[in-house]
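Below: the structure, in structure tokens.
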Amino acid sequence: MSNKAKCIALSVLFSTLAIASGNSLAQADYPNKPIRLIVPFPAGGGTDIYARLIANKLTERLKWVVVVDNKPGAGGNIGVDAAAKSPPDGYTIVIGQTSNLAINPTLYPKLPYNPQKDLAPIVLVADSALALVVPAQSPYKAVKEVISAAKQKPGDISLGFPGNGTVAHLTSVMFQSASGTKFQHVPYKGAAQALTDLMGSSIESYMSSATTVIGHVKGGKLRALAVTGKKRLESMPDVPTIEESGYPGFDSVTWFGLLAPAGTPAAIVERINTEVNKILALPDVKEKIASEGGGPIGGTSQEFSRFLAAELTKWGKLVKESGAKIE
């Protein structure tokens, strides 16, 4: 081997060792200041509930200071974009979900971030079916009843959901198509105002993640007519699926996952992944997620990356078929 070749080989070796050493140091020292966990939706919704569950457990178990930062707007785009443009040092992470990671890239022609290029998947947290709910005082006690009313008065029965382009929006479109009905679609900026309007009967029905509405269902303020997954929820065993209600093959769920800005050291991504997987395995966390209508997922960051790629294809196709677009 020539001297020049030896020098190049040594240079590559030293660079590799330096990166490995840097990653080790980053992991050993991490975290030495508060971590900001961006929630791209208002407080009170399903995304916020899972974010606070994880943040509280990281603080409780490891004494990490994790500050939840709600940055809602534009279907979750504002919060995700803020995370994507943050320094890749592990001190800003975001909890994204189906709409802002898998749907919005097709729905918005000028999305300010690319989920696959600008973000580093850390770990999938949970998934959740959606629920079709009505006010407790509503005359509708089953899916067939609200569908019958919608067929009698096309475009009159209101169906709210937490934002254009969300999973709930596209699921509402799927539900309308499957049932051969036409609802008056009412998009909201998050769940808080929608739930207030629903419980006050300003809207007649609402589609959202089960996590968002389950507390109000159990509290007697809302009535769940159906859930959108393939099976009933442990937390609402008496509520049928839409498939059971007469629409074979109907299946729609949303999911939630933690991500960091692209370029975040692999050791830090792995550290958060390891700790969150431990948290998701805790009996009380499993019970809490189930009580909120969801199921824990976990897994490696690589598995999350592959899952995201598949979801982008799946939901992108549905967006195109629906004709939905937001400028």
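Take the Cα atoms of segment 194-327, find their three principal axes, and give me the spread along each one in whole Å, biggest first.
That works out to 49, 41, 30 Å along the principal axes.
Quick check on my link table: of 230/314; 189/221; 85/288; 182/320; 189/320; 117/231, which ones sit more than 28 Å apart, alpha carbon to alpha carbon?
Distance filter (> 28 Å) returns 85/288; 117/231.
For residue 63 and residue 320, what does the FRET efficiency come to when R0 = 51 Å and r is the distance between their Cβ atoms, rounded to the nearest 0.05? List each step's numbers first, then the result.
Values: r = 47 Å, r/R0 = 0.92.
For R0 = 51 Å, the calculated efficiency reads 0.60.
What is the log10 of I(q)/I(0) for segment 129-227, computed with the Debye formula using one identical point scatterer on each Cα and no solvent, at q = 0.10, 0.24 Å⁻¹?
Here log10 of I(q) over I(0) equals -0.21, -1.39.
Taking the Cβ of residue 140 as the center, what net charge do the other residues with Cβ under 11 Å away carry, scoring Lys and Arg +1 and Asp and Glu -1?
Result for the neighbourhood of residue 140: +1.
Roughly how big is the chain's charge dipole about its Cα centre, with Cβ charges of +1 (Lys, Arg) and -1 (Asp, Glu), in debye to the nearest 20?
Roughly 360 debye for the chain.
Treating only the Cα positions of the chain as identical point scatterers, give the base-10 log of I(q)/I(0) from the Debye formula at each q in 0.07, 0.10, 0.13 Å⁻¹.
Rounded to two decimals, the profile gives -0.31, -0.59, -0.93.
So what is the 222 nm mean residue ellipticity for the chain from helices alone, if each DSSP H run of at least 4 adds -39500 (n - 2.57) and you divide by all residues, rounding to the nearest 500 deg cm²/dmol?
-13500 deg cm²/dmol
Have a look at 123, 167, 186 and tell me which one the Gaussian network model of the chain (Cα, springs below 10 Å) gives the largest fluctuation.
Judging by the Gaussian network model, the answer is 186.
Using a Gaussian network model on the chain with a 10 Å cutoff between Cα atoms, which of 306, 36, 271 fluctuates the most?
Highest fluctuation among the options: 306.
Write down Rg/Rh for segment 254-310, rounded to two decimals, with Rg from the C-alpha atoms and Rh from the Kirkwood relation over Cα pairs.
Rounded to two decimals, Rg/Rh equals 0.99.
Which value, in debye to the nearest 20, gives the size of the charge dipole of segment 129-227 about its Cα centre, when Lys and Arg are +1 and Asp and Glu are -1 at the Cβ?
Taking the Cα centre of segment 129-227 as origin, the dipole is about 160 debye.
Assuming 0.692 mPa s and 37 °C, estimate D for segment 27-130 with Stokes-Einstein, Rh taken as the Kirkwood radius over Cα pairs, in µm²/s.
231 µm²/s
I want to make sure I understand the PRE zone here: with the label point 7 angstrom from the Cα of residue 29 toward its beta carbon, which residues in segment 60-101 have backbone N atoms less than 19 Å away?
Residues 64-65, 87-93 fall inside that zone.
Percent of Cα-Cα pairs per 5 Å bin, from 0 to the last occupied bin, for segment 102-143, please list those.
5, 15, 13, 13, 13, 11, 10, 10, 9, 1
Bear in mind that the values in this text are calculations on the coordinates, not laboratory data. Computed from a prediction, not measured in an experiment: that's the story for all the values here. Positions of Cβ are generated from backbone atoms using ideal geometry, with glycine treated the same way; all protein chains shown enter the neighbour counts.
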